[in-house]
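In what follows, a structure is listed as structure tokens, so that the remarks can point back to it.
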């Protein structure tokens, strides 16, 4: 799996503690989960980290990782902005 090019991963913007992180590659997803996430527990977070690990090993797809990253963001109260969608519109994913 290429770390710096993930064509099946439409970019996300995550708003973490007053900062925004653009996630558009597998490397970005790994870095945000390991280095920038506000806590390291929670079911959705653990699932996202596992999906990221599986994607690195070539055992999971980027679509699954992206969905789990969005679910982990909701769980953590992180606002996520989907930069590109199928309709070409920007979609905002609000935390529950």
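The values are calculated or read from the model by the stated rules, or taken from the named source; none is laboratory data. Everything quoted here is computed from the prediction, not taken from an experiment. Note: ideal-geometry Cβ built from the backbone for every residue, glycine included; neighbour counts use all protein chains shown.
Tabulated results
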{"read-out": "Positions within the range 8-47 being more than 12 Å from the chain's Cα centre (by Cα) and without any contact (Cβ under 8 Å) to a residue 40 or more places away in the chain, in sequence order", "value": "17, 18, 19, 20, 35, 39, 40, 41, 42, 43, 46"}
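Residue by residue, here is whether (1) assigned to a strand (DSSP E or B); (2) in contact with a helix residue (DSSP H, G or I) (Cβ under 7 Å, 6 or more places away or on another chain); (3) at pLDDT 95 or above holds:
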position: 6; (1), (2), (3): no, yes, no
position: 20; (1), (2), (3): yes, no, no
position: 40; (1), (2), (3): no, no, no
position: 47; (1), (2), (3): no, yes, yes
position: 50; (1), (2), (3): no, no, yes
position: 65; (1), (2), (3): no, yes, no
position: 71; (1), (2), (3): no, yes, yes
position: 84; (1), (2), (3): no, no, no
position: 87; (1), (2), (3): no, no, no
